[in-house]
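The values are calculated or read from the model by the stated rules, or taken from the named source; none is laboratory data. What you see is a predicted model; the values in this text were computed from it and never measured. Here the Cβ is made from the backbone with ideal geometry for all residues, glycine too, and neighbour counts use every protein chain on show.
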Amino acid sequence: MQRQLFDLVNRYGARVINRALHFFQECERVKLAKYALIRRDRTSFLAQVNASGLSSEQLLQNITFEGDSDPRLADGLAFCRANKGMGAIRVHGGGFAGTILAIMPNLDFQPFLNIVKQHFGENQVSEVSIIENGLTELPNPLL
């Protein structure tokens, strides 16, 4: 297997192979996350979200685009990961300046919200809640 992978990297380049690895591993993570939700196993679900986020950043390499040298998204992800407690952090829409998604257990929510608002700015953070019927955005009176 190692030799075959080495040959593929030589033939197509590391970035192409890393992105393919992310895709196939991500399909498995989605299944595991789904089963964790069915079992109401929040810890396992958040672990899959964190693994997905790291893979997205490292293998998919989607937090910047070619020629981009702006470190803000990478720095923001690192800051959020360092302060996430038992929550999960990942990027969405990374190559286009992206959004950081943070999923926090109730215990870690308010401390995390306070520190990211202080770090990024009050208007740069949107608070949403997951309820039985789906997702709802809480209106921000400052916008």
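Key figures
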{"read-out": "Residue check for GLY98: out of contact with any Leu (no Cβ under 8 Å at 6 or more places or on another chain) and not assigned by TED's automatic domain parsing to the domain that holds ALA33", "value": "no"}
{"read-out": "Residue selected from region 88-101 under the condition modelled with pLDDT of 80 or more and buried (at least 21 other Cβ atoms within 10 Å of the Cβ), by the criterion nearest to SER52 (Cα to Cα)", "value": "ARG90"}
{"read-out": "Test result for GLY67, in a helix (DSSP H, G or I) and closer than 27 Å to VAL16 by Cα", "value": "no"}
{"read-out": "Check on ARG39, at pLDDT 95 or above, closer than 18 Å to ILE103 by Cβ and loosely packed, with under 12 Cβ neighbours inside 10 Å", "value": "yes"}
{"read-out": "Residue check, LEU73 at negative phi and buried (at least 18 other Cβ atoms within 10 Å of the Cβ)", "value": "yes"}
{"read-out": "Failed item in (1) assigned to a helix (DSSP H, G or I); (2) at pLDDT below 90; (3) within 18 Å of CYS80 (Cβ to Cβ), with SER126 passing the rest", "value": "(1)"}
{"read-out": "Count of region 10-49 residues which are farther than 30 Å from ILE131 by Cβ and part of a helix (DSSP H, G or I)", "value": "15"}
{"read-out": "Residues within region 12-33 that are basic (Lys, Arg) and at pLDDT 95 or above, tallied", "value": "2"}
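Yes/no per residue for (1) surrounded by 12 or more Cβ atoms within 10 Å (Cβ to Cβ); (2) touching a residue at least 40 places away in the same chain (Cβ under 8 Å):
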residue	(1), (2)
ASP7	no, no
ASN10	no, no
ASN18	yes, yes
LEU32	yes, no
TYR35	yes, no
SER44	yes, no
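Yes or no, residue by residue, for (1) touching a Gly at 6+ places or on another chain (Cβ under 7 Å); (2) hydroxyl-bearing (Ser, Thr, Tyr); (3) more than 26 Å from VAL125 (Cβ to Cβ):
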position	(1), (2), (3)
GLN2	no, no, yes
GLY13	no, no, yes
ARG19	no, no, yes
LYS31	no, no, yes
SER44	no, yes, yes
LEU60	no, no, no
PHE65	yes, no, no
LYS84	no, no, no
ARG90	yes, no, no
